[in-house]
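What follows is a set of notes on a single structure, which appears directly below.
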Amino acid sequence: MRKLSEYKFELEKEKEMNVPGIIYADEKLLQDIGEEPLKQVSNVACLPGIINYSIAMPDIHWGYGFPIGGIAAFDIKEGIISPGGVGYDINCGVRMIKTNLFYEEIKNKIDEIAKNLYNMVPSGVGSSGQIILDKKEIKNVIKKGAKWAVENGFGISDDIEKIEDKGQLEYIPEKDDISERAYERGFDQLGTLGAGNHFLEIQKIDKILDRQIAEKLNLKEDMIVIMFHTGSRGFGYQICDDYIAILRKVVHKYGINLKDQQLVCAPFNSEEGQRYFNAMKAAANYAWANRQIITDSIRRSFEKVFKKGFYQLGMSVIYDVSHNIARVEEIEIKGEKKYLCVHRKGATRSLPPGHYLLTKEFKDIGQPVIIPGDMGRHSFILIGRKESIETFYSSAHGAGRLLSRHQALKKGKSKDIIEELQKDGVIIKAKSKKFLAEEAPFAYKDAENVTEIIEKAGLAKKVARLKPVAVIKG
């Protein structure tokens, strides 16, 4: 390990590594990371066609094959695509919705709002929504993404402009690269949160950190916002599982030697690589439709409590970020523009002002970056900066686990997580105390530290700090 700066370290290229590893962290976080995730950074660096570096964000922790908090870009002609570089929950992501309500206006209604949200947005393992689709209709969902939801009355066209890729990747349905089991798992899960680290939070903006950008995003101190985190549910999980099995059978056909069998992959332009990429895009579209439907449920919940329409309540999407996804993006490498397959696993885009992928609203300021906290501590809104080209325009996605779920459960046995959070002014609605212990604040790094490193490293700039006042968990 070589220290490049106060917030940047290099895993030097050795043995089979094609590129070095880069870890964004400070000395303390580096100690917290442990050896296993760093070994995964090194293993990813051995994959064919990788460009520049195998990268780890400050929220890095152990994952399947690739570390969570890992970023790797591959040349589309010589490189690979890997399900482990995307993750099981394809297009898991975070959406944030603003309101024109302030904390003083709602503080006596927070419990009522939380109860309504808990009832309106199904959560927990295997949770089912009120929308039941047949195969024909689910094919429309996975082709159109968030647009399907808007066309079917779940939201407004303005929402689409505030989603990465406008909530739709180009899926080719004629290829039919999706198993019957994946379809079965997707029929009844639209509009649901799921369990584990998925959540819905009511938050208040407790500090503005960049007034100029905050004004452009129409954010003010003590304003109420809603943040939620979910993905493609069982549909995406099954697609990942299916293609890990498929690629495991063909990886040696292409002469790819793996340092870890969980890094199973195929050349990006191979038949199998393109089949996975197509199916992954279907799951990404499913996830965007899912978050769009949840947005509609949140708006209806607030309308019920406040007896006003969501327009009157100022409920507009701030942004929607993806953090388990692979995309083909044009990026300048050593003065030459190249098309790369950028894997972000537990990492999100951080596009700077002027970037070609930004919609008109964000062209002058850059992309909002959302970094959630851990039920009890702060979350952050940031904005993309041009220096993020070093990470293929990427940033961290959250606080990042400090303890495994087993370790957290063991540590939380003697604790009443609900009572402790209530003492800090956070109301909790959850189906399972077990999941609460696994996801308790002590199980995570502090998002304050993570965002500090992201800002000091020049990857994104902090705009606002938010504190949770109510949390809904599966």
Does any residue in the stretch 210-223 that is of a type in the set (S, T, N, Q) come within less than 8 Å, Cβ to Cβ, of a residue that is modelled with pLDDT of 95 or more and not in a loop (DSSP other than H, G, I, E, B) six or more places away or on a different chain, and which pairs are these?
N218/K98
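Report those strands (runs of 3 or more DSSP E) wholly inside the stretch 7-67 carrying at least 3 residues which are more than 28 Å from K337 (Cα to Cα) and in contact (Cβ under 8 Å) with a residue 24 or more places away in the chain. Walk me through how you get there before you give the answer.
Working: elements: 8-11, 21-24, 54-61.
In the stretch 7-67, 54-61 are the strands (runs of 3 or more DSSP E) which contain 3 or more residues that are more than 28 Å from K337 (Cα to Cα) and in contact (Cβ under 8 Å) with a residue 24 or more places away in the chain.
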I'd like the residue in the stretch 304-327 that is touching a residue at least 40 places away in the same chain (Cβ under 8 Å) and among the small types (G, A, S) and, out of all such residues, is farthest from A284 (Cα to Cα).
G314
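In the stretch 84-95, is there at least one residue being in contact (Cβ under 8 Å) with a residue 40 or more places away in the chain, in contact with a Ser or Thr (Cβ under 6 Å, 6 or more places away or on another chain) and closer than 30 Å to G425 by Cα?
So in the stretch 84-95, the residues in contact (Cβ under 8 Å) with a residue 40 or more places away in the chain come out as 84-95.
Retained after the next criterion (residues that are in contact with a Ser or Thr (Cβ under 6 Å, 6 or more places away or on another chain)): 90-91, 93.
So of that shortlist, the ones also closer than 30 Å to G425 by Cα come out as 93.
Yes: one or more hits.
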Check on G234, touching a Ser or Thr at 6+ places or on another chain (Cβ under 7 Å) and either surrounded by 24 or more Cβ atoms within 10 Å (Cβ to Cβ) or not charged (D, E, K, R) (or both):
no
Tally, over the stretch 151-200, of residues that are in a helix (DSSP H, G or I), within 20 Å of the chain's Cα centre (by Cα) and surrounded by fewer than 23 Cβ atoms within 10 Å (Cβ to Cβ)
3
Return yes or no: is I224 buried (at least 24 other Cβ atoms within 10 Å of the Cβ), among the aliphatic types (A, V, I, L, M) and not in a helix (DSSP H, G or I)?
yes
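What about I472, is it assigned to a helix (DSSP H, G or I) and surrounded by 21 or more Cβ atoms within 10 Å (Cβ to Cβ)?
Working: assigned to a helix (DSSP H, G or I): no; surrounded by 21 or more Cβ atoms within 10 Å (Cβ to Cβ): yes.
No, not satisfied.
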Looking at I205, is it of a type in the set (V, I, T) and either buried (at least 22 other Cβ atoms within 10 Å of the Cβ) or without any contact (Cβ under 8 Å) to a residue 60 or more places away in the chain (or both)?
yes
State which residue is surrounded by the fewest Cβ atoms within 10 Å (Cβ to Cβ) when the search covers only the stretch 120-137 and only residues that are over 22 Å from the mean Cα position of the chain (by Cα) and touching a residue at least 60 places away in the same chain (Cβ under 8 Å).
Q130
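One residue is enough: does the stretch 27-49 have a residue meeting the conditions β-branched (V, I, T) and within 30 Å of I298 (Cβ to Cβ)?
no
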Given (1) assigned to a loop (DSSP other than H, G, I, E, B); (2) surrounded by 21 or more Cβ atoms within 10 Å (Cβ to Cβ), number of the condition A114 does not satisfy
(1)
So how many residues does the stretch 403-424 have that are closer than 17 Å to G373 by Cα, out of contact with any helix residue (DSSP H, G or I) (no Cβ under 7 Å at 6 or more places or on another chain) and either at pLDDT below 85 or assigned to a loop (DSSP other than H, G, I, E, B) (or both)?
2
Matching residues in the stretch 348-358 (surrounded by 14 or more Cβ atoms within 10 Å (Cβ to Cβ), touching a residue at least 24 places away in the same chain (Cβ under 8 Å) and not in a strand (DSSP E or B)) number 6
Which numbered condition trips up D241, out of (1) over 24 Å from K363 (Cβ atoms); (2) in contact with a helix residue (DSSP H, G or I) (Cβ under 8 Å, 6 or more places away or on another chain); (3) surrounded by fewer than 24 Cβ atoms within 10 Å (Cβ to Cβ); (4) in contact (Cβ under 8 Å) with a residue 40 or more places away in the chain?
(2)
Filtered residues of the stretch 359-402 (kept if of a type in the set (A, V, I, L, M), surrounded by fewer than 23 Cβ atoms within 10 Å (Cβ to Cβ) and at pLDDT 95 or above)
I365, I389
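The values are calculated or read from the model by the stated rules, or taken from the named source; none is laboratory data. Just so you know, these numbers come straight off a predicted model, no measurement behind them. Glycine also receives a Cβ, built like all others from the backbone with ideal geometry; neighbour counts cover every protein chain displayed.
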